[in-house]
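Contents: one structure, followed by commentary.
The values are calculated or read from the model by the stated rules, or taken from the named source; none is laboratory data. In this text the structure is predicted, and so the values were computed from the model without any measurement. Cβ atoms come from the backbone with ideal geometry, glycine included; neighbour counts cover every protein chain shown.
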Amino acid sequence: MVRIEEHKHLTENKPIEAARLPALVVLPVLQHLGKPLDILLVKPGDKVKRGQCLATAEKGVFSPIHASISGTIKQIVDQPHPVVGFCRSLIIEGDGQDEPVAGMVPRRPQETDEITPDALRRVIFESGIVGLGGATFPTHIKLTPSKSIDTLIVNGAECEPYLTADDRLMVEKAEEITKGIVLVARVLKPKDVFIAVEDNKPAAVAAMRRFAECFGWEVVVLKTAYPQGGEKQVIKSCLGREVPSGRLPFDIGVVVQNVATIYAIYEAVYFRKPLYERVMTVTGACLAHPKNLLVRIGTRVKDILDQCGPLLKEPRKIVMGGPMMGIAQFSQETPVIKGTSGILVLDEIEERQEEESFCVRCGECVENCPIGINPGMISMAITKDRLDLAEAYGIMDCIECGLCAYVCPGRRNIVQAIKTAKAKIRKKHSKEADIKGASFEK
Amino acid sequence: MNNKFIVSSSPHIQKSESVAKIMGTVNAALLPAGIIGVYIFGMSSLWLILVSIAVAVATEALIQKGRHQKITISDGSAFMTGLLLAYNLPPRCPLWVAAIGSFFAIAIAKQAFGGLGRNIFNPALAGRAFLLAAWPQHLTAFSRPFAYDSVTSATPLHLLKEGKARDLADMGLGYWDLFVGNRGGSLGEVCILALVLGGLYLLWRGIIRWQIPVSFIATVGVMTWVFGSKEGFFRGDGLFHVLSGGLVLGAIYMATDYVTSPITKKGQIIFGVGCGALTTVIRLWGGYPEGVCYSILIMNSMVPLIDRFVKKRRYGVAQNA
């Protein structure tokens, strides 16, 4: 792990602002880790209200989506998607009324106090909550572990440079997040609760501590180092325990939840509010007014950038997410989705592009790799089309944090090579599994 | 705003370090030792440095042009090879010898293996080893410091090897002379002070790590202290061995060559200890007075093996799994 240039000063002291109500939103049917939603509850021409459920699925890993503004379903077509290129999306033309759906009213205090774990999971599922740190794994599934959980870690590390959304959320909504943690703890019944925050966020640490102390939770102040907020790293830093290779945190009795996810759970339970908006950081040296914005899901990039301009420089790259793991966008029409924690507008100085040179074996990637693999060697094995070697070197354990490529003096595109190779390896294995399955059926 | 954006894989930011910058920094750190070398041994050394660098850079450019590859002389690595080769030659070594050595270093030891990053042996040292085999008389004729003439004199290590002196006092020298460079030796190896300062700068900049230089030098120091005297164990002059010959130059600037040294810190310590042990063996019991060059080259050949077996501990993988 290594301390890298943060660029957080651009927005870290800017209070969360509500973004302008968009006149049009684009809601992809894929905003979670899993299969796209296939049951559409509306059709073009239908009137919808804010918070109304629009699409769901029957079974498997999924999370429903909800209207983020009131208006009319204009079209259901393929649109640019921040992660997968293009995706079937519902386009809502707003009526400017922002009318909420019936029933989106606060729960009575007694109701929230007495809610059962199963009912809570139901609420979280119906509210369409997914991991808002970026992984977008459906939260109700994560809160249904098959083993007993002894530790809950609330992840407020926010180690990605530039991003300050979680930081602001903790500073401004510490009490609400605390209420959310109580709810999650009621589902998981952990022995210990840790709240992990990097030491570059003293205000957030102080805010969270004020409430955590009443419950006997520990606020762990982590050294600022990338990728401290990665699930595996945050577990190691808080507990000194490691998640075995190829396993998940719950295998060692741990669940990690991002603070923004917890906040969404709080809102869903206390206000019956589904996940149709989120806080994100809109930043970069190109923007005159970088901000932390509360944005409706489905708002297009261009509508958000309009509120942070004017542009000081011609942007070279637009990234959704952080600069280390985010995804470069090809269009300004792309909407933000549940997992979008930030929008970066990078200029030519921030966004360095240079030709790839040879690996000079400086060892920086090996030294800094948070999971201890040899990214340089893996990337060379991939170049030689030796995926078997790449696998032996531990490619499947790679968390794609991007540190190896960040420190590489040869500017080698290690992460790109690894991502592509991982997809190929997964495909190969699933094919092998199919063949095995087929021969078994005989 | 135009509507065309760069779309590429994460990460989208990059540390400003580059291969060219690293090479440039190492070259800069090496410079003081060369300037002092020229001051000690005269202008002929300057010509040696210039010819060596010019031939190295020209060879790299011509080979890459001939093979229709991108010409990468601006990365500073060929410059460094030329500079280091000159530092490893006697100050009055004929220029044509230096030129051939430089050509060999780049053409055979580097480009024949595929260029920067693919060579097994440190090019400058391979060049020197070749010259020592081909023209030993030119590689072992050392001049006296501050004499600026062509009278040759033996280096402290030669005197010791040939039994002409038993210790520093016999040579009329003190540790301070060895430390600042007031002795016979290769062009760039004599001023330990300048080499160490440059090395500290590289350490501070994070370009080299301490593992190889420290383990290399410490191994030589300890082993020569233990075995260095004919009068019994623990009576050798370890400090003399550390300060003489090309040990400091080799340990800081050549054994640390990224391409030809192990990738992990643990591996680097093994590599450094190996270099140190071989150097001591050659100096004390071998046929040559100095063994830094050969010991690094031999250890270069062990690097793939070291890297294969010495790995960083992986997250979530049991040690002996």
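Summary table
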| quantity | calculated |
| --- | --- |
| Filtered residues of segment A:45-64 (kept if hydrophobic (A, V, I, L, M, F, W, C) and part of a loop (DSSP other than H, G, I, E, B)) | A:57, A:61, A:62 |
| Qualifying residue in segment B:254-275 (condition: more than 14 Å from every other protein chain (Cβ to nearest Cβ) and touching a His at 6+ places or on another chain (Cβ under 6 Å)) | no |
| Every residue from segment A:65-101 that is under 27 Å from the mean Cα position of the chain (by Cα) and not in a strand (DSSP E or B) | A:67, A:68, A:69, A:70, A:82, A:83, A:84, A:98, A:101 |
| Selected residue [buried (at least 19 other Cβ atoms within 10 Å of the Cβ), in a loop (DSSP other than H, G, I, E, B) and either in the same structural domain as residue B:25 (by TED's automatic domain parsing) or at pLDDT 95 or above (or both)] from B:208, B:217 | B:208 |
| Filtered residues of segment A:341-378 (kept if modelled with pLDDT under 90 and either more than 9 Å from every other protein chain (Cβ to nearest Cβ) or on the phi > 0 side of the Ramachandran plot (or both)) | A:347, A:348, A:349, A:356 |
| Number of the exception - residue B:33 against (1) of a type in the set (A, V, I, L, M); (2) surrounded by 23 or more Cβ atoms within 10 Å (Cβ to Cβ); (3) within 14 Å of another protein chain (Cβ to nearest Cβ) | (3) |
| Failed criterion for residue A:30 (all others in (1) surrounded by 23 or more Cβ atoms within 10 Å (Cβ to Cβ); (2) within 21 Å of the chain's Cα centre (by Cα); (3) among the aliphatic types (A, V, I, L, M) hold) | (1) |
| Selection from segment A:102-130 of residues that are in a helix (DSSP H, G or I) and either within 27 Å of the chain's Cα centre (by Cα) or within 29 Å of residue A:340 (Cβ to Cβ) (or both) | A:112, A:117, A:118, A:119, A:120, A:121, A:122, A:123, A:124, A:125, A:126 |
| Residue count, segment B:280-321 (criterion: β-branched (Val, Ile, Thr), over 13 Å from the mean Cα position of the chain (by Cα) and away from chain A (no Cβ under 14 Å)) | 4 |
| All helices (runs of 4 or more DSSP H) inside segment A:359-437 with 1 or more residues being touching a strand residue (DSSP E or B) at 6+ places or on another chain (Cβ under 8 Å) | A:364-368, A:403-407 |
| Residue list for segment A:296-340, filter: without any contact (Cβ under 8 Å) to a residue 40 or more places away in the chain, of a type in the set (D, E, K, R) and either facing another protein chain (nearest Cβ under 8 Å) or surrounded by 20 or more Cβ atoms within 10 Å (Cβ to Cβ) (or both) | A:314, A:316, A:317 |
| Qualifying helices (runs of 4 or more DSSP H) (wholly inside segment B:234-309; at least 3 residues being among the β-branched types (Val, Ile, Thr)) | B:265-285, B:292-309 |
| Counted residues, segment B:172-183 - those being more than 18 Å from the chain's Cα centre (by Cα) and part of a loop (DSSP other than H, G, I, E, B) | 5 |
| Residue count, segment A:197-219 (criterion: farther than 21 Å from residue A:9 by Cβ and in a loop (DSSP other than H, G, I, E, B)) | 2 |
| Scope segment A:238-255; condition out of contact with any Lys or Arg (no Cβ under 9 Å at 6 or more places or on another chain), hydrophobic (A, V, I, L, M, F, W, C) and in contact (Cβ under 8 Å) with a residue 60 or more places away in the chain; matching residues | A:238, A:239 |
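Conditions (1) within 22 Å of residue B:251 (Cβ to Cβ); (2) surrounded by 21 or more Cβ atoms within 10 Å (Cβ to Cβ); (3) not assigned by TED's automatic domain parsing to the domain that holds residue B:280, marked per residue:
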{"residue": "B:157", "(1), (2), (3)": "yes, yes, no"}
{"residue": "B:170", "(1), (2), (3)": "no, no, no"}
{"residue": "B:173", "(1), (2), (3)": "yes, no, no"}
{"residue": "B:193", "(1), (2), (3)": "yes, no, no"}
{"residue": "B:222", "(1), (2), (3)": "yes, no, no"}
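Listed here are the residues, each with its yes/no results for (1) in a helix (DSSP H, G or I); (2) within 12 Å of another protein chain (Cβ to nearest Cβ); (3) more than 20 Å from the chain's Cα centre (by Cα); (4) at pLDDT 95 or above.
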| position | (1), (2), (3), (4) |
| --- | --- |
| B:15 | no, yes, yes, no |
| B:21 | yes, yes, no, no |
| B:24 | yes, yes, no, yes |
| B:27 | yes, no, no, yes |
| B:52 | yes, no, no, yes |
| B:61 | yes, no, yes, yes |
| B:70 | no, yes, yes, no |
